[in-house]
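Okay, so here's the structure we're looking at.
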Amino acid sequence: MNVSFLQNEPLNTVIVDSSTGQALYEVDTPWRAGTRTTTVRRPKPGVAPGQGQIIAEIHWRTLGSSTITLYGTTMRIKDWLKKTGVLSSSRTLVAPDGKSYVWSRGSGKFTLTDVGTDTQAAQSHRSKSGWFGGSSRKMNIDISTQAINFQDIVVISFIIMEQKDRRATETAATVAVVSSANTAAASAADDFHSLEILNSVLSSFETSARKAKLSSAYSQHLASPTSSQAPGNARHPIMNVSFLRNEPLNAVIVDSSSGQHLYEVKTSSWTAGTRTTTVRRLKPGLDSDEEQIIAAEIHWRALASSTITLYGDTMRIKDWLTKTSALSPSRKLVAPDGKSYVWSRSPGKSTLTDVDTNTQVAQSHRSKSGWFGASEARKMNIDISSQAMDFQDIVVISFIIMEVRARAG
């Protein structure tokens, strides 16, 4: 069996069966100072993301020993994953079958070996970007028949091994180049601030030719829809999609009722004042990035107008999401149905409204932590009406841009 990490971040990702696309685990680590907790859940059909069975909680501590609560039992990580030597990066664990296994680090991979027989029980593979003509792949783990019997343990222990390895690498790099790293970080922050200032200028009028081209491209793209249309009143949501991470530029977006993965959003690092966000429509059973459908590419630029490539048509964002007035944060777009819609902002949410009928066709909701028992936790999500289901991609992609700008202030 092979399992893949949809995000190249072991602490915030969805892990799927690589052959079927079935979601096996959800890994979520909210940011907070001091102690951070990673929760590993097993999704359940019909249960909203983030509400599945909790398998493990990993409590990362900067002061004191980090711990893991596994199937209700809490122990120190260093007692569960024991060092094989004082200076060794390898770790030993005892599986439910009573046998001892060792995770060891190799070039770009971790290998789990049965100590008694010296046979490989599992092996990880780092992600590959596929640049320069090579094939891409997601971070994944090959799991043998023997290790399938304790698959949870394999996945959870690998998450810890991978995170510790990344943290050690980052620490070494920081010590070596701390001054240049600080300069780069400040530059990136300035770039993003400049981006938002530049994008706040008045938008130019979108030509009818571009509208027609976009509508035609979208109609062709609907040959492989994300989900089927359903009847319903346009004023009321018939679908809700959730962001598994509270980061609009790096997240997996799912159907909240079924858990089906709909989109994957990835954003590159800043390079020469430019970064690119790629929005892919996920198709079950396909693993390679090249095999998924690219719905959009957003090119964020610090020193020029940011652009979006939507179904092969490239335009400036300020021409696609036009300002409703000089100082307004609201943005208007023309959907493939030829109608105009406006995204408007209010506390904790954004609303998409049909300009002609003044009816709400979509509305977002910010994530809630549920701390202190004040309310139930929820992921950032969007209610989508039956009317907006006809251009669901447009709703999601335009919301991502609106949310990024709202967060940037």
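Filter the stretch 384-397 down to residues that are out of contact with any helix residue (DSSP H, G or I) (no Cβ under 8 Å at 6 or more places or on another chain) and either part of a helix (DSSP H, G or I) or open to solvent by 10 Å² or more (accessible area, probe 1.4 Å) (or both), then give me how many there are. Lay out the reasoning, then the answer.
Step one: of the stretch 384-397, the residues out of contact with any helix residue (DSSP H, G or I) (no Cβ under 8 Å at 6 or more places or on another chain) are 385-387, 389-390, 392, 396-397.
Those left that are additionally either part of a helix (DSSP H, G or I) or open to solvent by 10 Å² or more (accessible area, probe 1.4 Å) (or both): 386-387, 389-390, 392, 396-397.
Count: 7.
Looking at ASP313, is it of a type outside the set (Val, Ile, Thr) and either open to solvent by less than 30 Å² (accessible area, probe 1.4 Å) or under 25 Å from the mean Cα position of the chain (by Cα) (or both)? So that I can check it myself, show each step before the final result.
Numbers: of a type outside the set (Val, Ile, Thr): yes; either open to solvent by less than 30 Å² (accessible area, probe 1.4 Å) or under 25 Å from the mean Cα position of the chain (by Cα) (or both): yes.
Answer is yes for this residue.
For the stretch 81-108, how many residues meet the condition of being of a type outside the set (Ser, Thr, Tyr), free of Cβ contacts under 8 Å to residues at least 60 places away in the same chain and not in a loop (DSSP other than H, G, I, E, B)? Walk me through it before giving the result.
Looking only at the stretch 81-108, we keep the residues that are of a type outside the set (Ser, Thr, Tyr), and these are 81-83, 85-87, 91, 93-99, 102-103, 105-106, 108.
Next cut, free of Cβ contacts under 8 Å to residues at least 60 places away in the same chain only: 82-83, 85-87, 94-99, 102-103, 106, 108.
Imposing the further condition that a residue be not in a loop (DSSP other than H, G, I, E, B) reduces the set to 82-83, 94, 102-103, 106.
So the count comes out to 6.
When you go through (1) assigned to a strand (DSSP E or B); (2) modelled with pLDDT of 90 or more one by one for ILE294, which number turns out not to apply?
(2)
Which members of the stretch 35-57 meet the condition of being open to solvent by less than 40 Å² (accessible area, probe 1.4 Å) and either of a type in the set (Asp, Glu) or touching a residue at least 60 places away in the same chain (Cβ under 8 Å) (or both)?
Answer for the stretch 35-57, where residues must be open to solvent by less than 40 Å² (accessible area, probe 1.4 Å) and either of a type in the set (Asp, Glu) or touching a residue at least 60 places away in the same chain (Cβ under 8 Å) (or both): THR38, VAL40, PRO43, PRO49, GLY50, ILE55, ALA56.
Return yes or no: is ALA304 hydrophobic (A, V, I, L, M, F, W, C) and under 26 Å from the mean Cα position of the chain (by Cα)? Reasoning before the result, please.
Numbers: hydrophobic (A, V, I, L, M, F, W, C): yes; under 26 Å from the mean Cα position of the chain (by Cα): no.
No; evaluated as a whole, the condition is false for this residue.
Within the stretch 275-291, restricting attention to residues that are charged (D, E, K, R) and at pLDDT 80 or above, which residue is nearest to the chain's Cα centre (by Cα)? Don't jump to the end; show me each part of the working.
Within the stretch 275-291, the subset charged (D, E, K, R) is 275, 280-281, 283, 287, 289-291.
When the remaining residues are screened for being at pLDDT 80 or above, the result is 275, 280-281.
Numbers: ARG275: 16, ARG280: 11, ARG281: 13 Å.
Going through the qualifying residues, I end up with ARG280.
Test THR74 against the criterion of being part of a strand (DSSP E or B) and either of a type in the set (Phe, Trp, Tyr) or touching a His at 6+ places or on another chain (Cβ under 8 Å) (or both), and give yes or no. Steps first, please.
Working: part of a strand (DSSP E or B): yes; either of a type in the set (Phe, Trp, Tyr) or touching a His at 6+ places or on another chain (Cβ under 8 Å) (or both): no.
No.
When you check ALA362 against the structure, is it touching a Phe, Trp or Tyr at 6+ places or on another chain (Cβ under 6 Å) and either at pLDDT below 90 or crowded, with 19+ Cβ neighbours inside 10 Å (or both), yes or no? Spell out how you get there, then give the answer.
Working: touching a Phe, Trp or Tyr at 6+ places or on another chain (Cβ under 6 Å): no; either at pLDDT below 90 or crowded, with 19+ Cβ neighbours inside 10 Å (or both): yes.
The answer is no for ALA362.
Scan the stretch 22-34 and tell me whether some residue there is at pLDDT below 90 and either part of a strand (DSSP E or B) or crowded, with 19+ Cβ neighbours inside 10 Å (or both).
Yes: one or more hits.
Considering only residues of the stretch 324-347 that are more than 19 Å from ASN358 (Cβ to Cβ) and out of contact with any helix residue (DSSP H, G or I) (no Cβ under 8 Å at 6 or more places or on another chain), which is least open to solvent (accessible area, probe 1.4 Å)?
The residue in question is ALA326.
Of all residues in the stretch 315-366, count the ones that are closer than 14 Å to ILE401 by Cβ, assigned to a loop (DSSP other than H, G, I, E, B) and hydrophobic (A, V, I, L, M, F, W, C).
1
Among what's in the stretch 66-109 and is surrounded by fewer than 16 Cβ atoms within 10 Å (Cβ to Cβ) and among the aliphatic types (A, V, I, L, M), pick the residue that is nearest to VAL40 (Cα to Cα).
Among them, the one singled out is MET75.
The values are calculated or read from the model by the stated rules, or taken from the named source; none is laboratory data. If you're wondering where the values come from, they're calculated on a predicted model, not measured in any experiment. Ideal geometry is used to build each Cβ from the backbone, glycine not excepted, and the neighbour counts take in all protein chains shown. In case anyone asks, the SASA skips ligands and DNA or RNA and just uses the protein heavy atoms, side chains included. Shrake-Rupley method; radii C 1.70, N 1.55, O 1.52, S 1.80 Å.
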